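In what follows, a structure is listed as structure tokens, so that the remarks can point back to it.
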Amino acid sequence: MISNMGFLAFLRRDLRLINRRRGEVASPLIFFLMAATFVPLGITPDAELLKNIAPGIIWVMALLATLLSADSLFASDYHDGSLEQMLISPQLLVMPVLGKVTAHWLTTGLPLTLVSPLLGLLLSLPTAGYLPMMAGLAVGTGCLSLLAALGAALTVSLQKGSLLLTLIVMPLYMPIIIFGSATAQYSIEGLAWSGPLAILGAMLAVAIALCPLAIVSVLRLTTIN
Amino acid sequence: MNWNWNWFYRMGSPRWFYESTSRWLPWLGALTVLLLASGLVWGLAFAPQDAKQGNSFRIIYLHVPASFLALAGYFLMAAAGAIGLIWKMKLSYMVMKCAAPLGAVLTFLALFTGAVWGKPTWGSYWVWDARVTSMLILLFLYMGVLALQYAFDSKDVANKASAILALVGTVNIPIIYKSVDWWFTLHQPATISFTEAPSMHPDMFQPLLVMILGFYCFYAVALILSVRVEILSRERKTSWVRGLVKQATNKNLGAE
């Protein structure tokens with residue numbers, strides 16, 4: 001089938017690989033929960049104050065959790081040589097890369113979105129905020145995964161690349177976190193929240209179109225050389 | 001039509017760059033000193049005081065040119081990286097590599113002078129204003145490129161990787177600026193208003209223009225100087241660099 005050109009094959013392959021080491025899926029989620037627990041401990045258990053900062057805190061935690069899981073995206077394929085095999089094949093790699101990133105999103109972004117109501121509960125997020133927060137996270141974590149994959153591709157050949165990955169990618173996350181937490185904030189304040197969500201969607205569309213191209217060229221550079 | 005591309009290919013030669021800049025760099029340096037000195041004296045001593053801010057506004061003569069160059073420097077760095085990726089030009093990677101620390105320092109200077117200016121005007125060194133925040137993110141972008149540049153063993157991979165990162169940053173900069181702007185209007189604190197005077201008085205504006213020109217020249221001189229150092233260290237094994245070294249040592253020996 002021409003239309004998916006390896007997208008499904010790589011999605012299925014990566015999901016199967018991740019399924020064999022399920023612990024890796026759980027770690028970002030546990031981090032997400034633990035780090036959020038520290039906020040009331042460090043700031044205040046006062047519900048009135050917490051509810052104002054809850055959307056922002058949840059977004060920052062989601063961002064960090066995505067970054068923590070990102071360095072494993074290409075690492076095992078790089079070390080066992082299968083990435084090199086992929087790169088020397090005559091096929092265009094854009095769709096396989098997109099498949100890998102989708103697998104990453106399905107195993108980090110999506111679970112984070114599903115767990116986020118629990119965090120909302122802990123941080124006394126107002127009821128109106130839950131649905132917009134989840135919608136924002138579902139779309140926004142897609143962008144986070146794509147950009148994290150770019151960082152992972154740039155640092156894949158380095159010994160200690162994971163911290164560098166974080167440094168490189170974080171400034172690029174700025175617009176996503178602004179519009180992501182605004183989506184929840186808007187609904188809490190009783191405003192229409194479709195606007196910031198639509199902008200997140202637009203960012204995701206641009207990222208889906210451009211990131212895989214950049215990732216493929218970066219992988220060619222860092223892996224073959 | 002048969003376009004003559006010779007000048008473009010010649011520009012890719014580090015040796016050509018080194019030799020031709022040796023000829024006109026002193027002139028550019030003199031122009032820089034002239035512009036910066038006259039702009040500073042004019043701006044700091046002769047421009048009229050601001051009606052509200054008194055003398056403290058004079059830091060604008062450093063702050064605005066540094067901010068201009070910080071942003072322009074990022075685009076120059078990314079453009080040099082793109083030229084390197086497309087035409088595999090050695091020289092343009094060197095320009096990219098040297099532009100990164102220079103731009104980061106200018107961004108820091110812009111932030112620092114902004115903070116110093118902010119204390120008397122807004123009452124605090126740091127405010128989360130849209131432009132200040134964008135500048136801070138620009139500094140982070142520069143730091144990312146720098147960190148990546150020095151992370152690889154292979155110079156070739158380092159150059160190409162940081163060129164790609166610089167290009168990704170370029171795509172992102174307008175998005176970042178727009179979203180930070182939007183974020184600021186959402187959270188704008190009531191105490192600080194940024195309604196600027198509609199226009200600067202020409203007596204204040206003319207020295208600023210001189211300073212901006214001076215900073216552009218200064219940027220060019222600093223960039224060319226560091227590219228020349230980079231050229232010498234990368235081409236140290238070639239015969240023309242050895243020739244230069246021999247000439248210089250002979251001259252020194254003759255002088256003694």
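Quick note: the coordinates plus some simple rules give every number you see, no bench work behind them. Since the structure is predicted, the reported quantities are computational estimates derived from the model, not experimental observations. When we count neighbours, we look across all protein chains shown, and the Cβ atoms used for this are built from the backbone with ideal geometry, even at glycine.
Residues of segment A:199-225 with the amide nitrogen closer than 17 Å to a label point 7 Å from the Cα of A:LEU87, along Cα-to-Cβ, please.
A:212-225
Could you grab the Rg to Rh ratio for chain B? Cα atoms only, Kirkwood for Rh.
Answer for chain B: 1.04.
Can you list the trypsin sites (Lys or Arg not before Pro) in segment A:1-80 that are in a DSSP coil and have 16 or fewer other beta carbons within 10 angstrom?
Passing both the DSSP loop test and the Cβ count: A:ARG21, A:ARG22.
Counting other Cβ atoms within 10 Å, which trypsin sites (Lys or Arg not before Pro) in segment B:31-103 have at most 15 and lie in a DSSP loop?
Passing both the DSSP loop test and the Cβ count: B:LYS52, B:LYS88.
Per DSSP helix of 4 or more residues, -39500 (n - 2.57); summed, then divided by the residues of chain A. What does that give at 222 nm, rounded to the nearest 500?
-28000 deg cm²/dmol
Between B:ARG23 and B:TYR9, what is the spin-label point distance in nm, taking each point 7 Å from the Cα along the Cα→C-beta axis?
2.0
What does the highest-first list of B:116-125, A:181-190 look like by mean Cβ count within 10 Å?
So the peptides B:116-125, A:181-190, ranked by packing, come out A:181-190, B:116-125.
Rank these for me by crowding, A:SER76, B:SER162, going from fewest to most other beta carbons within 10 Å.
A:SER76, B:SER162
So what's the net charge close to A:LEU8: Lys and Arg +1, Asp and Glu -1, counting the other residues with Cβ under 14 Å from its Cβ?
+3
If you average the C-alpha positions of segment B:126-145 and of segment A:73-99 separately, how far apart do those two centres end up, in angstrom?
When both Cα centres are located, 35 Å separates them.
I want the local charge near A:VAL94. Using Cβ-Cβ distances under 14 Å, sum +1 for each Lys or Arg and -1 for each Asp or Glu among the other residues.
My count for the surroundings of A:VAL94 gives +2.
Would you mind getting me the FRET efficiency between A:ASN52 and A:ILE208? Use the beta-carbon distance for r and R0 = 56 Å, nearest 0.05.
Calculated transfer efficiency: 0.95.
A:SER194 to B:LYS90: FRET efficiency via 1/(1 + (r/R0)^6), r the Cβ-Cβ distance, R0 30 Å, to the nearest 0.05?
0.05
Per DSSP helix of 4 or more residues, -39500 (n - 2.57); summed, then divided by the residues of chain B. What does that give at 222 nm, rounded to the nearest 500?
One gets -27500 deg cm²/dmol as the mean residue ellipticity at 222 nm.
Note the count of lysine pairs whose C-alpha atoms are less than 12 angstrom apart in the protein assembly as shown, limited to pairs 8 or more residues apart or on different chains.
5
Can you give the relative contact order of segment A:7-224 as a percent, counting alpha carbon pairs under 8 Å and 6+ residues apart?
27
What distance in nm separates the simple spin-label points at A:SER72 and B:GLN247, each placed 7 Å from Cα in the Cβ direction?
According to this spin-label approximation, the distance is 6.0 nm.
Please state the shape class of the protein assembly as shown: rounded when a/c is under 1.5, otherwise prolate if a/b exceeds b/c and oblate if not, all from the C-alpha gyration tensor.
Taking the square roots of the gyration eigenvalues as a ≥ b ≥ c, the protein assembly as shown is oblate.
Computed FRET efficiency, Cβ-Cβ of A:SER124 and A:VAL25, R0 30 Å: what is it to the nearest 0.05?
Plugging the Cβ-Cβ distance into 1/(1 + (r/R0)^6) gives 0.60.
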